[in-house]
Structures are given as C-alpha cells and as structure tokens.
1. Could you please put Cys236, Cys259 in sequence from largest to smallest accessible area, using a 1.4 Å probe?
2. Can you give me the distance in nm between label points at Leu334 and Val258, each placed 7 Å from the Cα along the Cα-to-Cβ direction?
3. Taking K and R as +1 and D and E as -1, what net charge do the other residues with C-beta under 12 Å from the C-beta of Ala147 add up to?
4. Could you sort 90-97, 140-147 so that the peptide with the highest average Cβ count within 10 Å comes first and the rest follow in order?
5. Compare His326, His434 by solvent-accessible area with a 1.4 Å probe and give them largest first, with all protein chains kept in place.
6. Near Leu374, within a Cβ-to-Cβ distance under 13 Å, what is the net charge of the other residues, with Lys and Arg +1 and Asp and Glu -1?
7. Let me know the whole percent of all Cα-Cα pairs from the range 387-438 that are separated by more than 17 Å.
8. If we sort 445-452, 240-247, 99-106 on the protection proxy, mean other Cβ atoms within 10 Å, highest first, what's the order?
Amino acid sequence: MKSLSIKLLLFANYIVLILMTGKASVSLSPISIQSLIPLFLATLLMGDMTYIASCNLKGNTILFLFCGLLAADSWYLFFTAGLTDSGEGWFRLLGPAVLYLSVRFCLLFLFQGYTYKMKKAADLLLTGFFLCSEVSVFLSERIYAGAYGIQFAGSVLCFLSIVLCHRKRVWFVLKSGKRAIVLSCFATMAAFFIYYFLTLNINDHIGNFGVYIMVLIFFMSVHGIVLKETDGIPLCAVFSFRQQLFLGCAVIGGLLTVCLAFGWPASVFLLLLNLAAAFFFLCNILLGENLKAGKNRIGQESKYTYALGRLQHEEELKSSFANFLHDDVLQDLLAVKNMAPKSSRPEIQDLIMETLEQLNVRIRNQMQDCHPILLKSLTLKENLDKLIQSVQSLFPQREIQVAFTCPDTLFIPEPYDMLVYRLVKELLINVYKHSDGNRAQVTLSLERDAVKLSVGDNGTAGSMADMVKNQSPIWHKGLASMKEQIEALGGSLSVSYQEPRGVRTEIRFLVKGDVSYKHFVS
C-alpha cells in the first residue's frame, strides 16, 4: 500500500473516532471524570499519530505500524470510557489486537525489518495466539479470559526467547539508544504516578494499564531514536517552529475560550481539539504530496543551493554511467554488429551468444554497483553469499575457492551493511584480478560495536607487493579510496603479506546506533 493511501486511511480512522466521540457528546451533558480521562488519553495518542504519520514523508513501514498501534490503542481507550452500548464487545476484540501489534512492532523495531533466526516460528505463534483470542470473543467470557491469558503468556515467552537468542543485537539497540530508552522509562514511571494519584477516587483506575505502559515506552523510543533525525512535519516548510508553537497555543486557547463562553463541557473541548488536529493532519498530507512533487514555492534561495548540489552529484553519476556505456556496452554491441553478417556460421553464432552473455553479466554488475540491493527477506550472511557467487560468475576463467566465515545471526544496521557489502565486493574482485592464487578467505564479524572484515588469498605475495609499491593505478586507487572512506568513519585499513604466500586486507570500523537509525527512517 502506498504511503498516501496509508495516511488517508489513518485520517479516515481519525474522522470515524471523532464522529463516535461527537455522538456521545451531542447532548452537551457533562461526562464523568472516569470517562473523560480515557478520552483525553485517546486525544493525546491520536494527536501523536498525526505527527508521526506527517513526519513519515519517506513512507517507512515501521513508523506506519506504530501509527496503527496508536490508532488501535486510541479505540481501546475510547471503549474503556463506556460511552457506547456495544463498547464491551469491541473492547474485548481490541485487547488481543493491541497486544499482537505491540509485540510485532517491538520485534520489527529491534531488527529494523530484517529477517532473523526463529522469525517464521515467532510470526506463526503470535498470529495463532491472536486469532484464537479473537475467535474466543464470540464463545464465552470464560473461554476468552483463558485464550487471552494464553496469548499474553505465549507472546511474552516468544518475545523473550527471540531476545535471548539475539541478545547481542538487542544489547546493541539498547546501548545505542540508551538515552532515549532511559528517558522512556522515567517518563513512563512519571506518567503512571501522576495518573495514579489524580485518579485515586475512581474505581478500577489502573485497570489494563499494562497496555498503556507498553505504548508509552514505544512512544518515547520512536520520538527519541527514530524521529530525531527527521526535518519535522511538512508545515515546517511554511511555518517556523515558534510559529507552529504559537499557532498551536492559539488554537487551543481559542477553543478553550469558546467552550468556557458557551458553558460547553470538557468532552466538547476534546471533540473540537480532535477536529483541529484532523484538519492539520489533512493539511500536512496535502502539503507533503506537494513537496514531493516539487510544487512548493517557499524558500527559493536555500532550495536553489540544494538543487545545485544535487545537479553536481547527478553530473558525476552521468559521467560515470556514460563511460560504462562507451567502454563496455557500446564496444560489445559494435562487435556483435560486425559479426551479424557472418552469423550463419556456427562458430560466429557461439561467439555472438558468448558476447551477449558477458554483456548481460556486466550490465547486471553495473546495476548492482550503482544501487546494491540487499534483500531484507534474507540475512546479511545470505546476501553476502549471493554476492560472492555473483563475483565468481564475473571471472569464469578463474577457479578460486572462496571460504566465507560469518555468524548466521550477524546483524549490521544500515547504512553500515551497505558499506560492508561494497567492501567485500571490491576486495574480492581485487583478488580475482590481481592474485595468482587458487584460494581466498573472507571473514566478517561484529565484536561489540566494531565491524571486522578480513579478505585474504594464497597468491604470490611478491607480485601483489610490487603492485602496491609501484602504485599500480588499478590496485592502489581502489585501496586508497577504501582507506579514505574507512578512516572518515574513524576506522582503519591495513594490508599485510602472509607467509609463505598471500596478501590479507583487514578493515575495522565502529558502528554507531544513532547514525543507523537515521538511515533506518530513510
């Protein structure tokens, strides 16, 4: 589903919730404090949902999943208020859904959408628990209570099993986002105590609060880790932060003044506040689409500078691609054209097919160079296995046995996974081009926060040494480029000669979680 469709679906959901709230407040009769507090919390969650969806200009599916969780929990709170006769049935249906979405979001957040060990089994179990709980709603209260208890216990055990199995990855996330996570815990505890003491006189005032605690922790984590690198909502292109703050305060103050002037209850104020939030959400959706289409006319000077930089970058890409077309594609096409008049001869036909096949491989290789595709349905090791096979296919005349050592559960977050992919490819191609050995070894690991990559071969060390010492354009330029890129990350690249034969290139650099989550959003 496209980003615009999801945002419009969330907007429609918001409108339906507003209509349901308005139906309960149409009499303008005061609503009890026990019902008013869930409505207020639902308003906060839906308001945050509009903010996250508006910031998500690039259509990240994880953020949309969190928006769906906020929307489901808002309905959960709405039916908790007891303003509708059918609220009890919907309340039971939403309980398992909120639990299911919460656990799924947490797993997706920890692994950034990549596959991981036990993922299929976990998905199957979580979905099975969820469906059984939903079906039990239509049977009896006793069966529902048992099914929901099983879902809760099973989901927690399933989640803990995956966390223990991938504890290094989980620890990396916790360590990388420790500030935001600690802030989440303190904010959640503070919110709980404030809510607890303000509602001491209300019966069952902390019922089902466990669901809300999970949402609050996710709420702070998303804002603290994922969204901190975004440029804000599309209205930032029209209004500055101070102007937006002033506009928000003015709207809230105006609505509050109207309600006080006409003596309307607090429920009507919340209704009007939700209408204002929905209106701004729609404005952000439309403005976001205009920004994507380039229809805005605001900030011409800054956008000109940005456009100029983009133009220079595009010219570099065009120049590189033009060289590829001339040196690789065009030459082969001319060769095939010259052989076409003699295509009736079997040996010429074989030569044409061989030339076209080589051209096909080179074009695919160039496409992968320009924009490598790492399949998230595969682990990093499986993606690199496919890369090694593709490099071997580029050199059918060379028989080099490549031994690849890498943990099955290794996870390197974006954008470092792409960097590792490019480094492995370039170093392995260097082995095929410049080594006279018949074996190569690729070793990749993540120890604490450091990525360690080693690529070696058993070729004659002297010939490789001569190439480096004589500053061979092919070999030295590639090494210099990699060394510059690694050192820019605070890492190191070293080349050593193995006795009695072979050359080994070792690379080490640190992985920083804050940078990874910036690319996670993009």
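1. Working: Cys236 55, Cys259 5 Å².
Largest to smallest exposure gives the sequence Cys236, Cys259.
2. The answer from the label model is 7.4 nm.
3. On the way: positive: Arg92, Arg142; negative: Glu134, Glu141.
Around Ala147, the charge tally is 0.
4. On the way: 90-97: 19.5, 140-147: 14.1.
Going from most to least packed, we get 90-97, 140-147.
5. Numbers: His326 100, His434 25 Å².
I get His326, His434, largest accessible area first.
6. On the way: positive: Lys376, Lys381, Lys386, Arg422, Lys425; negative: Glu382, Asp385, Glu414, Asp417.
That works out to +1.
7. On the way: 539 of 1326 pairs.
Result for the distance tail: 41 percent.
8. Working: 445-452: 14.5, 240-247: 11.2, 99-106: 21.1.
Most protected by this proxy first, the peptides run 99-106, 445-452, 240-247.
The values are calculated or read from the model by the stated rules, or taken from the named source; none is laboratory data. Fair warning: this is a prediction, and the values are worked out from it, not measured in the lab. Positions of Cβ are generated from backbone atoms using ideal geometry, with glycine treated the same way; all protein chains shown enter the neighbour counts. These area figures cover heavy atoms from the full protein model, side chains too; ligands, DNA and RNA do not enter into them. Shrake-Rupley method; radii C 1.70, N 1.55, O 1.52, S 1.80 Å.
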